[in-house]
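*Asks:* I'd like to ask you about the structure that follows.
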Amino acid sequence: MLYDGDYRSYNAFFNLYVIVMTSLHQIVTIILLTTIIIMTSMAFERVQLYMTIELRHLKKKYDNGEEVLTDINATIENGQFYILVGASGSGKSTILNAIAGFIPINDGTVVINEKDVTQLPPKDRNLSMVFQNYALMPNLTVAENIVFGLAARHTAKDIQQQKLNDVLNLVHLEEYKNKKPGNLSGGQRQRVSLARALVSDAQIILMDEPLSNLDAKLRAEMRKEIRALQQQLGITVIYVTHDQTEAMTMGDQVMVLNKGKIEQIGSPLELYNAPANTFVADFFGSPSINLLDVKMRHNSFHLNDQFEMLTNVDIDEGQYILGVRPENIVISENGALRGELTHIEPLGDGTNIEVNIGQNQSVRIKVSEQLDLTLGDVVSFNVLIDRALLFTPSGQLLHTGKSVSAVI
Amino acid sequence: MQTSNVKKGFRLATLIVLTLLLLLPLFVGISLSLSSSQSIAQGHLLPDHLEFANYVKVFTSTSMTKFLWHSFIISGSVMIGQVILSIMAAYAFVFLEFRFKKAAFILFLSTMMLPFEAQIIPNFATMRDLNLLNTYAAIGLPFLASAFGTFMMKTSFEQIPTALKQLSDIEGLSHFQFATRVVMPYTKVSIITFALYSFLTNWNMYLWPLIATTNDNVRTVQIGLRQLRSQDTASNWGLIMAAIIVSVIPTLLIIFLGQKYFKKGLTNGVIK
Amino acid sequence: MKKASNLKFRNESALGWLLLLPSFIILGIFVFYPMLKTFFLSTQLTDLMGNPIKFIGFKNFSNLFTSDSFMTSFTITLIFVFFSTLLTLVMAYLMAMSASQKIMGIAVFRTMFSSTMGVSVTVASILWLFMFNPQIGMFSKILTFLHLPQINFLSDPTWSLVAIIGTTVWMNLGFAFLILLGAIQAIPQDLYQVADLDGASWLMRLRKITIPATSPTIFFVTVVTLINAFQTFGQVDILTSGGPDYHTNLLVYAIYQDAFVNHSVGRASAQSVILTIIIMLFTMIQFYVKNRKGANYANE
Ligand SMILES: Nc1ncnc2c1ncn2[C@@H]1O[C@H](COP(=O)(O)OP(=O)(O)OP(=O)(O)O)[C@@H](O)[C@H]1O
Ligand SMILES: [Mg+2]
């Protein structure tokens with residue numbers, strides 16, 4: 001009606017229409033694009049977040065009343081190689097089982113990607129696991145074992161096949177795929193188990209002492225392999241071990257457990273250089289750290305009422321524990337300390353010795369040369385006091401390294 | 001260890017004599033089954049000349065074919081039933097947590113010390129009242145549940161590493177999937193052992209099939225033999241022996257096939 | 001939290017009982033119910049159809065213990081159980097020892113020795129029925145050959161029980177042999193090597209190593225054979241029908257006769273209760289010993 005017979009008015013209307021539609025189109029496009037961008041970034045963020053695991057106030061008691069875990073708190077970041085280490089029976093497996101959902105916990109929450117999964121069954125936690133004894137089905141071939149979970153979930157055959165090939169390639173087992181586990185070596189079996197964990201696309205892999213059944217050389221090899229795979233794929237690994245070397249060499253973060261309690265969480269070097277207490281200090285390092293009972297008096301540490309070590313550290317007089325790593329002791333003819341050689345271990349590239357300094361106290365020393373000593377010889381040595389650790393009598397860390405530094 | 005050849009020969013001879021003595025009744029039976037009636041009547045233990053007439057007669061002029069068939073059906077279905085029910089019950093005892101599990105297990109175990117012979121009177125009455133006498137059900141039903149089998153399956157299920165259960169939980173296997181993809185393949189040997197053992201026991205059952213049947217409709221081979229014996233007393237040993245040999249072939253096959261399983265499986269199931 | 005465990009167990013409870021249900025139905029109808037019914041009937045006076053008439057307490061039991069036929073069958077049962085178990089054990093052990101030697105072709109002997117395991121009671125009884133036949137049987141031939149007087153095994157009061165024992169032992173040998181062989185083979189060889197170094201004799205080795213090391217299994221086989229012997233039925237039914245004059249009337253055969261031939265269900269039930277008590281006793285002894293010796297078994 002408006003443009004009836006009036007071409008110009010029609011034309012103007014058409015122009016207006018075109019302008020409106022074009023801008024509308026642009027607006028819609030922009031909105032769409034932003035939505036896509038925002039959503040992708042959200043999704044991306046979600047994936048990122050998903051891999052964070054938080055343990056909040058975990059407590060676990062078994063029926064016999066024994067408290068196996070007391071108040072475990074930890075945050076495991078995306079892509080971390082996170083190690084749980086501790087003596088046998090310290091509760092490492094229990095924590096892992098709680099994360100996986102194999103056992104109910106008495107208190108606390110397990111959070112994965114900010115979602116409380118405490119009540120969820122294992123299959124809904126989107127993780128996979130590598131076991132100490134491999135947990136392979138003896139009647140299935142390597143390939144069948146690897147796609148065990150995929151097959152159970154009825155994943156399409158071609159997808160199974162493709163994933164299988166990818167993962168076989170990753171762990172170098174292509175030519176073994178039709179063998180039965182019984183015909184494989186321990187290392188190969190564990191690689192199958194690893195492949196099975198990787199094939200599920202879970203971003204978190206739990207490992208419970210996966211290398212403890214292997215011999216020393218193979219273990220060292222597999223350590224490297226697992227670590228490399230984890231970094232290559234960017235997955236999060238929670239790894240249980242009681243082997244301090246594994247903890248030191250593999251972990252980004254290490255949780256040290258003792259009788260169901262966390263003693264310390266930190267990077268391997270933090271744990272070594274600044275152990276929170278004597279337990280952690282004693283746990284890492286071989287031979288283990290010397291923990292010497294000393295008295296602080298007149299700006300020097302007194303050991304056995306016999307030896308004196310000057311220090312500039314500013315602390316009250318009294319009883320302390322001085323932590324000295326065996327490699328931070330040097331043998332020198334006029335050393336401030338001396339004692340009788342009670343034990344000698346030639347290693348070829350160095351020597352470990354033990355010296356009795358009286359009053360039932362021994363000092364372990366590690367030197368990097370070969371020593372020509374016999375038992376009973378008197379050894380004199382100096383402590384590199386600026387690398388020593390100072391603990392309270394109850395074993396808590398007071399000062400590390402430089403702060404104890406001293407003049408001798 | 002060095003053993004002299006004389007000693008070795010002596011031991012071997014002892015073993016052979018022992019075997020001959022032990023299997024003598026069987027040899028005599030086989031020999032008679034291949035003899036003619038005249039030869040037996042004359043008191044000959046070895047056939048005058050070999051003949052298979054007795055075997056032909058077993059299948060043509062007696063009801064043995066029918067009885068064998070009945071035995072197959074009953075032994076087979078009771079075996080299947082026992083294996084399935086034992087696996088189900090053992091699965092519950094090993095892999096599931098529920099209240100009164102322990103009590104249920106003790107109840108199960110207690111049936112192992114109740115002799116079946118002491119239960120035949122009420123069981124006969126039950127079958128009579130249900131109108132089931134002379135049916136397969138009457139002979140088979142009472143034995144479908146097996147405490148022994150459940151116990152044996154439970155013991156072997158317990159050998160399955162916890163890690164396999166944990167793996168299955170992570171991968172989200174249902175109980176059915178876990179049972180069929182992990183538990184049963186893993187304990188295949190025990191299951192086969194029990195199945196063979198079950199078939200053997202069912203095949204050789206005597207007292208209950210005797211009580212539960214009053215005619216030939218579903219009579220088993222064991223009761224058939226008993227009948228044959230009372231009908232043909234003394235007169236036809238050849239035929240009876242041939243029937244016996246036929247009846248024992250399936251069980252001997254099972255024994256030979258399953259010997260290595262039996263030794264392991266039975267001691268594991270019972271002793272441990 | 002409590003919740004966690006509840007959540008975990010909630011759906012398993014239903015499944016657990018569901019899986020046990022079929023077994024429990026069968027056991028309930030065909031084991032527990034009849035067992036209770038037997039106990040009940042043993043205190044009842046019953047009619048010819050087996051229906052209870054009235055409660056008579058332990059009258060059925062006191063009647064049994066004053067009845068000559070029951071006392072005969074009970075005594076005979078004990079004698080039978082003792083000798084058949086003892087003979088089975090000794091012979092199976094000797095067989096197991098000779099079959100545990102390392103000689104070429106030993107596997108064949110092992111199979112032969114265990115082959116009677118698959119032989120049913122009917123087959124065994126009929127085979128031995130011929131062996132005992134007074135006219136043409138194997139034993140009569142042997143007696144003739146040795147110029148000894150003929151024995152009518154199955155109708156002589158003493159020899160008939162011997163015949164039943166012989167048949168039973170023959171039947172049980174296969175199973176006992178197989179289990180004992182397993183135990184003997186499981187003995188660590190180094191024990192014998194030490195004994196050889198000490199110059200131990202064959203008898204010493206048997207007494208100091210073989211028997212002690214297999215004693216849990218010997219005990220197990222003994223109890224199982226014993227329990228089986230108490231439940232003997234088929235041999236009697238086919239060989240002697242309890243005769244002559246109740247001299248082979250073993251407990252289960254007596255139950256069968258009283259229940260299904262004489263129609264005296266009360267009396268049969270009372271005997272069933274006695275049988276149950278005996279078997280429970282032995283099973284419990286076995287359970288007890290097994291648990292006490294748990295450590296030994298673990299080593300096997
Ligand atoms: N099912 C259970 N019932 C009772 N106590 C248990 C049970 N499982 C584990 N424990 C106890 O919990 C404690 C911690 O066990 P856990 O398996 O976590 O130790 P771990 O650090 O993994 O030791 P290891 O290095 O030997 O594997 C131990 O003292 C153990 O005895
Ligand atoms: Mg552990």
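Bear in mind that the values in this text are calculations on the coordinates, not laboratory data. None of these values were measured; they are calculated from a predicted model. All Cβ positions, even for glycine, are placed from backbone atoms using ideal geometry, and neighbour counts span all protein chains on display.
*Asks:* Tell me which of these A:Asn183 doesn't satisfy, since it passes every other one: (1) without any contact (Cβ under 8 Å) to a residue 24 or more places away in the chain; (2) closer than 22 Å to A:Gly86 by Cα.
*Replies:* (2)
*Asks:* Just give me the residues in the stretch A:184-243 being within 14 Å of chain B (Cβ to nearest Cβ), away from ligand 2 (no atom under 16 Å from the Cβ), out of contact with any strand residue (DSSP E or B) (no Cβ under 8 Å at 6 or more places or on another chain) and of a type outside the set (Asp, Glu), in sequence order.
*Replies:* Correct list: A:Arg189, A:Val192, A:Ala195, A:Val199.
*Asks:* Can you give me the ranges of the helices (runs of 4 or more DSSP H) entirely in the stretch A:92-179 with at least 1 residues that are within 16 Å of ligand 1 (Cβ to nearest atom) and away from chain B (no Cβ under 13 Å)? It would help to see each step written out before you state the result.
*Replies:* On the way: elements: A:92-100, A:142-146, A:148-152, A:157-171.
Per the criteria, A:92-100.
*Asks:* Could you grab me the full set of residues in the stretch A:53-75 that are more than 14 Å from every other protein chain (Cβ to nearest Cβ), outside any loop (DSSP other than H, G, I, E, B) and within 16 Å of ligand 2 (Cβ to nearest atom)? It would help to see each step written out before you state the result.
*Replies:* Going through the stretch A:53-75, the residues more than 14 Å from every other protein chain (Cβ to nearest Cβ) turn out to be A:53-55, A:64-68, A:70-75.
This time we only want the ones that are outside any loop (DSSP other than H, G, I, E, B), so: A:53-55, A:67-68, A:70-75.
Passing the criteria: A:Val68, A:Ile72.
*Asks:* Only one residue in B:Ile120, B:Ile160 is under 30 Å from B:Val221 (Cβ atoms) and either touching a Ser or Thr at 6+ places or on another chain (Cβ under 8 Å) or part of a helix (DSSP H, G or I) (or both), so which one is that?
*Replies:* Details: B:Ile160 fails: under 30 Å from B:Val221 (Cβ atoms).
Unique residue meeting the criteria: B:Ile120.
*Asks:* Looking only at residues in the stretch C:92-122 that are within 30 Å of B:Leu207 (Cα to Cα) and part of a loop (DSSP other than H, G, I, E, B), which one is nearest to the other protein chains (Cβ to nearest Cβ)?
*Replies:* Only one residue fits best here, namely C:Ser120.
*Asks:* Right, another one. So which residues in the stretch A:76-116 are within 20 Å of A:Arg223 (Cα to Cα), within 13 Å of ligand 2 (Cβ to nearest atom) and in contact with a helix residue (DSSP H, G or I) (Cβ under 8 Å, 6 or more places away or on another chain), if there are any at all?
*Replies:* A:Leu84, A:Val85, A:Gly86
*Asks:* Another question about this same structure. Suppose we keep only residues that are aliphatic (A, V, I, L, M) and in a loop (DSSP other than H, G, I, E, B) within the stretch A:296-317. Which one would you say is nearest to A:Ser380 (Cα to Cα)?
*Replies:* To start, the set of residues in the stretch A:296-317 that are aliphatic (A, V, I, L, M) comprises A:296, A:303, A:309-310, A:313, A:315.
Retained after the next criterion (residues that are in a loop (DSSP other than H, G, I, E, B)): A:313, A:315.
Values: A:Val313: 24, A:Ile315: 28 Å.
Among those that are aliphatic (A, V, I, L, M) and in a loop (DSSP other than H, G, I, E, B), it is A:Val313.
*Asks:* In this structure, is B:Phe151 assigned to a helix (DSSP H, G or I), away from chain A (no Cβ under 14 Å), closer than 30 Å to A:Asn133 by Cα and touching a residue at least 40 places away in the same chain (Cβ under 8 Å)?
*Replies:* Working: assigned to a helix (DSSP H, G or I): yes; away from chain A (no Cβ under 14 Å): yes; closer than 30 Å to A:Asn133 by Cα: yes; touching a residue at least 40 places away in the same chain (Cβ under 8 Å): yes.
Yes; evaluated as a whole, the condition is true for this residue.
*Asks:* Can you tell me how many residues in the stretch C:123-138 are in a loop (DSSP other than H, G, I, E, B), without any contact (Cβ under 8 Å) to a residue 12 or more places away in the chain and aromatic (Phe, Trp, Tyr)?
*Replies:* Adding up the residues that qualify gives 0.
*Asks:* Does the stretch B:119-137 contain at least one residue that is surrounded by 22 or more Cβ atoms within 10 Å (Cβ to Cβ), within 25 Å of C:Ile25 (Cα to Cα) and under 17 Å from the mean Cα position of the chain (by Cα)?
*Replies:* Checked against the condition, which is being surrounded by 22 or more Cβ atoms within 10 Å (Cβ to Cβ), within 25 Å of C:Ile25 (Cα to Cα) and under 17 Å from the mean Cα position of the chain (by Cα), the stretch B:119-137 yields no hits at all.
Residue by residue, here is whether (1) farther than 22 Å from C:Leu87 by Cβ; (2) assigned to a helix (DSSP H, G or I); (3) over 25 Å from the mean Cα position of the chain (by Cα) holds:
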position	(1), (2), (3)
C:Ser140	yes, yes, yes
C:Gln150	yes, no, yes
C:Thr167	no, yes, no
C:Leu180	no, yes, no
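*Asks:* So which residues in the stretch C:200-240 are hydroxyl-bearing (Ser, Thr, Tyr) and facing another protein chain (nearest Cβ under 10 Å)?
*Replies:* As a first pass, look at the stretch C:200-240 and keep what is hydroxyl-bearing (Ser, Thr, Tyr): C:201, C:210, C:214-215, C:217, C:222, C:225, C:232, C:240.
Matches in the stretch C:200-240: C:Thr217, C:Thr232.
*Asks:* Any residue that is free of Cβ contacts under 8 Å to residues at least 60 places away in the same chain and in contact with a Gly (Cβ under 9 Å, 6 or more places away or on another chain) - is there at least one of those in the stretch C:141-155?
*Replies:* Scanning the stretch C:141-155, I find at least one residue that is free of Cβ contacts under 8 Å to residues at least 60 places away in the same chain and in contact with a Gly (Cβ under 9 Å, 6 or more places away or on another chain), so the answer is yes.
*Asks:* Test of understanding: among C:Ile255, C:Ile285, which residue is within 21 Å of the chain's Cα centre (by Cα) and farther than 27 Å from C:Lys59 by Cβ?
*Replies:* C:Ile285
*Asks:* Considering only the stretch B:1-84, give the helices (runs of 4 or more DSSP H) lying wholly within it that have at least 2 residues that are free of Cβ contacts under 8 Å to residues at least 40 places away in the same chain and within 13 Å of another protein chain (Cβ to nearest Cβ). Talk me through it step by step, then tell me what you get.
*Replies:* Details: elements: B:5-33, B:37-41, B:53-60.
The helices (runs of 4 or more DSSP H) meeting that bar are B:5-33, B:37-41.
*Asks:* In the stretch B:94-110, is there at least one residue being within 11 Å of chain C (Cβ to nearest Cβ), within 23 Å of the chain's Cα centre (by Cα), within 30 Å of C:Leu87 (Cα to Cα) and part of a helix (DSSP H, G or I)?
*Replies:* yes
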